[in-house]
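Bear in mind these aren't lab numbers, they're just calculated from the coordinates by the rules spelled out. Model, not experiment: these values are computed from the prediction. Virtual Cβ from ideal backbone geometry, glycine too; neighbours counted across all protein chains shown.
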Amino acid sequence: MSRELIVVDPGPLSLIEDYGRPGLASYGVGPSGAADRESYAWANALVGNHPGSAAIEALLGGLKLRAVGSHWLAVTGASSHMRVDDRSVRNSGWIPLHDGEQLALGHSTRGLRTYIAVRGGITVEPVLGSRSSDILSGIGPPPLQRGQTLPIGPLEHGPLTPRRRFSTTHQDGVVTLRAVLGPRNTRVPGAHRLAHGVWTVTNNSSRVALRLARLERDATSDADVDIGSMEWDARQEHPSEGLLRGCIQLPPSGLPVVFLADHPVTGGYPVIAVLLDADTDRAAQARPGQHVKITLVPGPLDVRQTRSSGSIHADIEER
Amino acid sequence: MTGRLMPTGDRAILVEPQERAHVREFAARLQRAQCADIQEVVPVQDSVLVVMRPDGDVARLAAFLQRVIEAPLDPIASTSHAAPSVTVPVIYDGPDLETVAKASKLTPDELAAAHSATAWTAAFAGFMPGFCYLVDGDPAIVASRRSEPRPAVPAGSVAVAGPYSAVYPRNAPGGWQILGRTDAPMWDLDRDRPALIVPGCTVRFLPVSVGSGARRVS
């Protein structure tokens, strides 16, 4: 019997994601992949999938899926109320969904992106080696549509992981993100002000990037907060340079852009700091309107090494 | 070769060779060396971003990059393999043809001739799939970026900015000066090599009609 899931309702935006397609920079193609890789990986582990199996990344919940055949599902990442048909379901690991049953996610109350893995993986046609949807370039499967049928792979994978509590990547209140200053922080005066005060995630944020704006009013004191603008004068041309997820670019507007999964291969404004790789998953769970605090931390290579032999040397930059 | 290694977060290193001319050589050395820690290499004009695999070791990667930089320049190894050659037919009737001609102290026809007579080299990719920055064009062409980028540069636009030329694979916002247009698809997923132009390619623009009658109005 064919094993499928039918998309009864895709919610605000549901995408198919896996680990992405790294290594294609020479085509101008970015790596894409699940925005919160920790939650994505955990969902696959719960249902015993191969680590790279494609799953659904649902923005703000709302997704409804109906089973054709029996399935094991796992739901991680942002929290929302879940139902199977008319029964409320607690999320404590994997969820069996029998033929004809419908899983419905409510609106996400905490965090932004929910991962739904199905035992066997979602087996749509890969594009350039991956089933990930890259919303910047348009490469990969299109967003899920109402009525769409998702093919599910055969049940030949590992055992289901025993149910147990797992840590979440989403944070309530202020999202704290650690970043290493550089590599182009010296091109922008006052780059360290990135770590001063608190930023707000604007509605222009997406899988491409968090777009931050200054918190204007301090909610506790209701006073205007002025920690100095990060505007700068971009009279000089800045050559484009390679990017990876976590890069914090500062355009002349002074409003930082924190790149996430669907970043472009190169960017034209200086990268003044880069999130620690592990913290990019937390960044992917920051909701528009939520506050972000960036803390500067030393990088892994803060050691100066110079060779004295001749004129050949490679300095490892000290921060 | 000499150069700087700059940590870029905890999973990447930006390498800036002291000589800009060494960027391509450094990127080529990385391809040949095939280090298991490397997930992605993104060369641009002045630097190469080296992205580590998630399970890699950044100190080991830094040591490896240091060795690659320090290895003596080998004239034999520096010779690239025969690079693919691409011809792009162009109608030179772009909205910025006259502006760029004026800045270059050429007539529009002379500008089109200058742009198409020399073979350009694809130096590096970026920005979007199928987009390659082309260099080594005629230095007589003087083109600064537009002060106001256009919200939508049409797909197939053949453009110049500073020392670069490029063809836009899709509609996109852009601040480059548009000299003309082509219908050769820069990006096609049904091709074996989806990007028509890749780094290392030699690109020749071929005028198929030069500034005839009806000029496109921007």
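Pop the C-beta distance of A:VAL68 and B:SER85 into the FRET formula with R0 = 41 Å and round what comes out to the nearest 0.05. Each step should come with its number before you reach the end.
Values: r = 51 Å, r/R0 = 1.25.
Plugging the Cβ-Cβ distance into 1/(1 + (r/R0)^6) gives 0.20.
Using bins 5 angstrom wide from zero, how does P(r) for chain B break down, in % of all Cα pairs?
Histogramming chain B at 5 Å steps yields 1, 7, 14, 17, 16, 14, 12, 9, 6, 3, 1, 0, 0 percent.
One quarter of the convex hull surface, Cα atoms only: what value does that give for the protein assembly as shown in nm²? Write down the numbers at each step before the final one.
Working: hull surface 113.4 nm².
Answer in nm², one decimal: 28.3.
What does the structure give for B:43-52 when I average, per residue, the other chain Cβ atoms found within 10 Å of the residue Cβ?
5
Can you give the charge dipole size of chain B about its Cα centre, rounded to the nearest 20 debye, using +1 on the beta carbon of Lys and Arg and -1 on the beta carbon of Asp and Glu?
On the way: 21 positive and 23 negative charges, 53 e Å.
Charge dipole, chain B, about its Cα centre: 260 debye, nearest 20.
Compute the length gained on full extension between A:HIS192 and A:THR176: take 0.36 nm times their separation in residues and subtract their Cα-Cα distance, giving the result in nm to one decimal.
Using 0.36 nm per residue and subtracting the Cα-Cα distance, I get 4.2 nm.
Report, in degrees rounded to the nearest 10, the 0 to 90 angle that the Cα long axis of helix A:37-46 makes with the longest principal axis of chain A.
Roughly 30 degrees, rounded to the nearest 10.
Hey, with R₀ at 25 Å, roughly what FRET efficiency would B:ASP57 and B:ARG20 work out to, going by the Cβ-Cβ distance, to 0.05?
It comes to 0.25.
Compare the peptides B:145-152, A:98-105 by average per-residue count of other Cβ atoms within 10 angstrom and give them in order, highest first.
In descending order of packing, they fall as A:98-105, B:145-152.
Put a dot 7 Å past each Cα toward the Cβ at A:GLU231 and B:GLN31; how far apart are the dots in nm?
Here the answer is 4.5 nm between the modelled labels.
Within the stretch A:54-70, what residues put their amide N at less than 13 Å from the label point 7 Å along the Cα-to-Cβ vector of A:ASP85?
Those under the cut-off are A:67.
Can you give the average number of partner chain beta-carbon atoms within 10 Å of each beta-carbon in peptide B:58-69, as a whole number?
So the per-residue partner count for this stretch is 3.
With springs connecting C-alpha atoms under 10 Å apart, model chain B as a Gaussian network and identify which of B:ALA103, B:ALA143, B:ALA195 has the largest mean-square fluctuation.
B:ALA103
With runs of 4+ DSSP H residues as the only contributors, calculate the mean residue ellipticity of chain A at 222 nm using -39,500 (n - 2.57) per run, divided by the residue total and rounded to the nearest 500.
The helix contribution divided over chain A gives -1000 deg cm²/dmol.
Taking the simple approach of a point 7 Å from Cα along Cα-to-Cβ for both A:ASP99 and A:THR161, what is their distance in nm?
Spacing of the two 7 Å Cα→Cβ label points: 3.0 nm.
Which loop-located trypsin sites (Lys or Arg not before Pro) does the stretch A:39-135 contain, where loop means any DSSP state but H, G, I, E or B and the Cβ has at most 10 other Cβ atoms within 10 Å?
Details: sites: A:LYS64, A:ARG66, A:ARG83, A:ARG87, A:ARG90, A:ARG110, A:ARG113, A:ARG119, A:ARG131; in loops: A:ARG90, A:ARG119, A:ARG131.
Passing both the DSSP loop test and the Cβ count: A:ARG90.
Under a crude label model (7 Å from the Cα following the beta-carbon direction), how far is A:SER2 from A:THR295 in nanometres?
With each label placed 7 Å out from Cα toward Cβ, I get 5.2 nm.
Distance between Cα centroids, the stretch A:106-127 to the stretch A:233-304: provide it in whole Å.
26 Å
Counting partner chain Cβ atoms within 10 Å of every residue's Cβ in A:130-142, what's the average?
1
Å³ per residue of the Cα convex hull, for the stretch A:234-288?
So the per-residue hull volume is 76 Å³.
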